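K.L.:
Right, I'll just put the structure down here and ask away after.
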Ligand SMILES: Nc1ncnc2c1ncn2[C@@H]1O[C@H](COP(=O)(O)OP(=O)(O)O)[C@@H](O)[C@H]1O
Ligand SMILES: [Mg+2]
């Protein structure tokens with residue numbers, strides 16, 4: 001497995017508050033890497049660093065380096081728009097645009113200069129297919145996306161992320177607002193998606209992490225305590241804090 005992204009000696013500050021300490025991490029091609037750990041330990045913060053979403057946060061300062069295919073994404077000359085096209089994101093709360101199902105998916109490709117109706121139709125269909133929601137919406141593409149259920153909206157948001165053909169998809173607790181059935185569908189979907197994409201997912205659901213991930217990074221107070229293959233983390237953790245956390249004997 002080749003390396004897709006790499007984080008090197010990263011410290012992150014929100015003004016005077018240090019939220020991440022000396023983070024070193026690899027993301028491999030076509031894997032599902034999960035970030036686990038208690039609330040407030042820096043999982044979302046690190047996830048957002050991977051496509052420079054923290055650029056938008058006032059007072060946020062980063063030391064260290066993150067690469068995508070070996071290129072420093074924080075280099076001055078690096079094109080952030082291109083980065084966000086290559087590294088897409090899905091959030092905790094489904095957030096479809098208040099427009100039709102079709103337009104939700106076509107929006108991104110249009111901003112990247114795909115104008116031809118037939119091309120757009122094809123992207124819309126294939127993205128919805130890949131996000132396992134095509135059958136449920138194919139007869140109502142003109143309907144407002146907000147009329148869908150929460151679980152459908154989240155798969156629509158995944159389709160929207162896929163539509164611009166990213167290489168990496170970041171997901172921040174994508175199922176925490178969903179019912180168990182919708183959660184199961186999205187978990188299944190991740191297993192299909194990793195054939196085409198690399199996925200980094202934040203979850204505070206340990207069962208979910210164990211079901212879907214290839215590797216896991218365990219966070220505590222802004223530090224990655226341990227990272228490794230899912231089985232090692234769950235069955236043979238090296239660090240006592242990891243063990244306490246995964247056995248539920250810890251906050
Ligand atoms: N925009 C922000 N400004 C200041 N502090 C923040 C901001 N976002 C997060 N934090 C702080 O950084 C720490 C890590 O937060 P976060 O990455 O959201 O944790 P997690 O996703 O693991 O719950 C927390 O102490 C949080 O309060
Ligand atoms: Mg978070």
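The values are calculated or read from the model by the stated rules, or taken from the named source; none is laboratory data. Quick caveat, the model's predicted, so the values are computed rather than measured. Note that each Cβ is placed from the backbone with ideal geometry, even for glycine, and that neighbours are counted across all protein chains shown.
K.L.:
Answer yes if at least one residue in region 5-23 is within 18 Å of residue 169 (Cα to Cα), modelled with pLDDT under 95 and surrounded by fewer than 19 Cβ atoms within 10 Å (Cβ to Cβ), and no otherwise.
P.N.:
Keep residues of region 5-23 that are within 18 Å of residue 169 (Cα to Cα), which gives 5-7.
After this cut, where a residue has to be modelled with pLDDT under 95 as well, the list is none.
Within region 5-23, not a single residue is within 18 Å of residue 169 (Cα to Cα), modelled with pLDDT under 95 and surrounded by fewer than 19 Cβ atoms within 10 Å (Cβ to Cβ).
K.L.:
Moving to a separate point now. Select from region 83-103 the residues that are without any contact (Cβ under 8 Å) to a residue 60 or more places away in the chain, over 23 Å from residue 179 (Cα atoms) and in a helix (DSSP H, G or I) and list them in ascending order.
P.N.:
Matches in region 83-103: 83, 84, 102, 103.
K.L.:
Let me ask you something else. Run residue 98 past the list (1) within 15 Å of ligand 1 (Cβ to nearest atom); (2) within 28 Å of residue 123 (Cα to Cα) and report the number of the one that doesn't hold.
P.N.:
Of (1) within 15 Å of ligand 1 (Cβ to nearest atom); (2) within 28 Å of residue 123 (Cα to Cα), only one is false for residue 98: (1).
K.L.:
For region 118-196, give me every one of the helices (runs of 4 or more DSSP H) that falls completely inside it and has 2 or more residues that are over 25 Å from residue 80 (Cβ atoms) and over 19 Å from the mean Cα position of the chain (by Cα). Don't jump to the end; show me each part of the working.
P.N.:
Details: elements: 134-137, 150-163, 180-193.
In region 118-196, the matching helices (runs of 4 or more DSSP H) lie at 134-137, 180-193.
K.L.:
So how many residues does region 58-82 have that are part of a strand (DSSP E or B), under 22 Å from residue 26 (Cβ atoms) and either within 16 Å of ligand 1 (Cβ to nearest atom) or over 17 Å from the mean Cα position of the chain (by Cα) (or both)?
P.N.:
Of the residues in region 58-82, 7 are part of a strand (DSSP E or B), under 22 Å from residue 26 (Cβ atoms) and either within 16 Å of ligand 1 (Cβ to nearest atom) or over 17 Å from the mean Cα position of the chain (by Cα) (or both).
K.L.:
Further, regarding this structure: Which number in (1) within 16 Å of ligand 1 (Cβ to nearest atom); (2) assigned to a strand (DSSP E or B); (3) within 22 Å of residue 197 (Cβ to Cβ) marks the one condition that residue 27 misses?
P.N.:
With respect to (1) within 16 Å of ligand 1 (Cβ to nearest atom); (2) assigned to a strand (DSSP E or B); (3) within 22 Å of residue 197 (Cβ to Cβ), residue 27 is out only on (1).
K.L.:
Would you confirm whether any residue within region 118-127 is modelled with pLDDT under 95 and out of contact with any helix residue (DSSP H, G or I) (no Cβ under 7 Å at 6 or more places or on another chain)?
P.N.:
Restricting attention to region 118-127, the residues satisfying the condition of being modelled with pLDDT under 95 are none.
Among the residues of region 118-127, not one is modelled with pLDDT under 95 and out of contact with any helix residue (DSSP H, G or I) (no Cβ under 7 Å at 6 or more places or on another chain), which makes the answer no.
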